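Notes to accompany the following structure.
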Amino acid sequence: MGSRGRERGEEPEPARPVAPAPAPVAGADPELAVLGGRAERRRLARKVKRRRRTRRVGELPLLVAVALCIALLLKTFLVQAFYIPSGSMEQTIRIGDRVLVDKFTPWFGAKVERGDVVVFKDPGGWLRGESARPAADPIVVKQIKQGLTFIGLLPSADEQDLIKRVIGVGGDTVKCCDARGRVTVNGAPLDEPYVSPGNAPSEIMFEVKVPKGRLFVLGDHRANSSDSRYHLDEAFHGTIAESGVVGRAIVIAWPYGHWGEFDQPATFLSVPDEERRSRRGRRGRRARRGGSAFA
């Protein structure tokens, strides 16, 4: 009909337009975009998924190793969790609480202050007076816990650590008690709302001049705490070395219902430094003798 149609003057049929190839979907794998068959695309998709899955599995040991290294660095230099096995700091800290301890600021020369709650290494024999030690774990469980504790993924249950509140620092004179039964620091009486209900500030009378570089510590549960009062007859009169402090407790992290931060109690803000107090005393004596109070 082609030649006849042209002889009769008929117009040739127009060419049918060819449908353009579908544009590649944004974000699709370029390998899939160049293939035409549905079966071929599915086969390549499965291949790509297997390749990605294999790559992720190969990266897993590296990610675990990096996470463990970060946890170990945090535990060593920044923050460490501790398990509280005794009631010597009740009601502030209860048996079984997990406490986070700041080990970072001492690296920058920060000093322990009065009122701080600190974790410190046993100076020698103090732990014998503490009670409520946790039950021993089976050997395998114990080894696993020790490994996780070492890298900081479990709270420390190291029996060589204690936790107490700092009452006096180097140069202070800590005494019990005044006429109203309160502990005093450099002559200033302490109002201690953190002491466990029903406990007296102290039933042991003492007066200690804290040596430089050392700390006088007491538990908040005064009736159940083997603290500085029970070691007055030892070297340094029951004080502990600042160098033995592991860190300052900053927060109770677990259980959730007992969560809370540790702030410096307001009563310690009114305690004068012993050196300043001594200077004021000397100036007062000079003034009474007629000398200059500004000498």
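The values are calculated or read from the model by the stated rules, or taken from the named source; none is laboratory data. Computed from a prediction, not measured in an experiment: that's the story for all the values here. Cβ: placed from backbone, ideal geometry, glycine included. Neighbour counts: every protein chain shown. Areas reflect the complete protein model, heavy atoms only, side chains present, ligands, DNA and RNA absent. Shrake-Rupley method; radii C 1.70, N 1.55, O 1.52, S 1.80 Å.
Of 253, 287, 295, all but one fail to be in a loop (DSSP other than H, G, I, E, B) and modelled with pLDDT under 90; the exception is 295.
Does residue 277 satisfy being at pLDDT below 85, surrounded by 14 or more Cβ atoms within 10 Å (Cβ to Cβ) and not in a loop (DSSP other than H, G, I, E, B)?
Criteria met by residue 277.
Looking only at residues in the range 161-170 that are open to solvent by 10 Å² or more (accessible area, probe 1.4 Å) and within 14 Å of residue 212 (Cβ to Cβ), which one is farthest from the chain's Cα centre (by Cα)? Among those that are open to solvent by 10 Å² or more (accessible area, probe 1.4 Å) and within 14 Å of residue 212 (Cβ to Cβ), it is 170.
Residues are listed down the side, and each one gets a yes or a no for (1) open to solvent by 40 Å² or more (accessible area, probe 1.4 Å); (2) touching a strand residue (DSSP E or B) at 6+ places or on another chain (Cβ under 6 Å):
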position	(1), (2)
210	no, yes
216	no, yes
219	no, yes
223	yes, no
234	yes, no
237	yes, yes
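Residues that are under 19 Å from residue 93 (Cβ atoms), touching a residue at least 60 places away in the same chain (Cβ under 8 Å) and under 19 Å from the mean Cα position of the chain (by Cα) within the range 226-256 comprise 245, 246, 247, 248, 249, 250, 251, 252, 253, 254, 255, listed in sequence order.
The residues listed here are 161, 172, 137; of these, the one that is of a type in the set (Asp, Glu) and at pLDDT 95 or above is 172. Residue count for the range 117-128 under the criterion of being closer than 16 Å to residue 243 by Cα and open to solvent by 20 Å² or more (accessible area, probe 1.4 Å): the result is 4.
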